Amino acid sequence: MNFSDLGLSAELLRAVEKQGYTQPTPIQAQAIPPVMDGRDLLASAQTGTGKTAGFTLPLLHRLQQQGAPRKRNIRILILVPTRELAAQVAESVRTYGAHLPIRSIEIFGGVSIRPQIAKLKRGVDIAIATPGRLLDHMEQGTVDLSAVETLVLDEADRMLDMGFIRDLRRIFKKLPTERQTLLFSATFSKDILKLAKTFLNNPERVEVAPRNTTAQRVSQVVHPVAQKRKRELLSFLIGHGNWTQVLVFAKTKHGSDRLAKQLNRDGLDAAAIHGNKSQGARKRALADFKNGDVRVLVATDIAARGLDIEKLPHVVNFDLPQVPEDYVHRIGRTARAGQAGHAVSLVSPQDEKLLRAVEKVTRTRIKRVVIDGYDAEPVEDTAPEKTPGRRPRRTKRGGKPAPGSKRRQTKKSGTASKTSPSGSRRRRRRQKPAR
């Protein structure tokens, strides 16, 4: 099948051809027709398989057929979990809508809200938004959702993982009940199916890849290594293999910054992106990574969700994800658009439980390869040692001493000493007003 067989307009076909595409991916071939027909859709496919074009192309086609109204109100609302994904979807809208008189806007936090308000006042057709910033506009009365014809939930599983369900419900209440709803997700979980049952009307269901399967073109390997030698092994792998572009996943924001600094000290140009970075800093780091000025990009799961890096060859799990399904999203950053990819996981003995969870979810036994000189060490006993002679803390002022502790000794005297429970200090304490 070619894109010309899907019934898209000549302007859209010209834009698609300019990007070098002639044949739709499986998710595009199955999703575009029902979306163009106005049906609700529940779609699942591996990351990197063209989900974004699967809904932007048919929605742009429908807007083109309707023509531009006198008053531009938001007719298509696309909700995404992160700023990076919002930027990616917005770029797709601009790319494929290059020959159409359609206005769009990105609505997300981390940047000034005033330019967004000004653009909304001028009128837009498509809004790509993160839930939090959209709610800010709703509370300020700067956005009108009464004309929304199509709602798209992109990466819906991630939005649920990030705790956006309450925000989504608040947004749903402000949307017209008569609308088209499209739900796209990399995986189908029970929560996703429950959400679809609540907000979708007799949807067409498309599942291109089996649930939680990993990209077939990604070669996966586990390198067992001691926790304290992970950074050393990572530097060795990048240098020895002459890897020129590597996306590394770390568990925490602080850990991402620390690892990037360590890699720079090793002579590898590295940068970190995470939720605490400003939008400007994140865009600069990503741009430097794409153009080759930065060799290693260290990211947390939230910041990396939605990154679309063409021909990214290497993904490294420096820390395995706490949620095993996130492993699928991580390695899906590579092997995109028909390219091959390589996914490496650095696994210490402490990570074995997380690795077993990943293999259970993906139904895959990942190959283990030990690198000479970096053998993993046994799991150490990390229980805190007891400090000899440390006095147990009393539970409350004036109360009984903790078990094993001794009362403070005082000199015998005919009168009460300063530390005696019946002495003057005790009486003065009773005379103080209650706090």
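We did not get these values from a lab; they are worked out from the coordinates using the rules stated. In this text, all values refer to a predicted model and were calculated from it rather than measured experimentally. Because the Cβ atoms are built from the backbone with ideal geometry, glycine has one as well, and the counts that use them run over all protein chains shown.
Just a few scattered comments:
- Sequence-ordered 3J(HN,Hα) estimates for segment 106-112 from the Karplus curve with 6.51, -1.76 and 1.60 and θ = phi - 60° stand at 9, 10, 8, x, x, 9, 4 Hz, glycine and proline given as x.
- Peptides 236-242, 315-321 ranked from most to least packed by the mean count of surrounding Cβ atoms within 10 Å: 315-321, 236-242.
- Loop-located trypsin sites (Lys or Arg not before Pro) in segment 26-72, at most 13 other Cβ atoms within 10 Å (DSSP): Arg70, Lys71
- Among the GluC sites (Glu not before Pro) within segment 178-269, those in coil by DSSP and having at most 11 neighbouring Cβ atoms inside 10 Å are Glu178.
- Whether segment 1-137 is rounded, prolate or oblate, judged on the alpha carbon gyration tensor where a/c under 1.5 counts as rounded: prolate
- Each peptide in 110-119, 348-357, 27-36 was scored by the mean count of other Cβ atoms within 10 Å over its residues; highest first, the order is 27-36, 348-357, 110-119.
- Under the Karplus curve 6.51 cos²θ - 1.76 cosθ + 1.60, θ = phi - 60°, whole-Hz ³J(HN,Hα) for segment 232-240, x wherever Gly or Pro sits: 4, 5, 4, 4, 5, 4, 5, x, 5
- Lys, Arg +1 and Asp, Glu -1 on Cβ, resulting dipole of segment 54-99 about Cα centre, debye, nearest 20: 340 debye
- Restricting the calculation to alpha carbons of segment 109-188 gives Rg and Dmax of 13.0, 38 angstrom.
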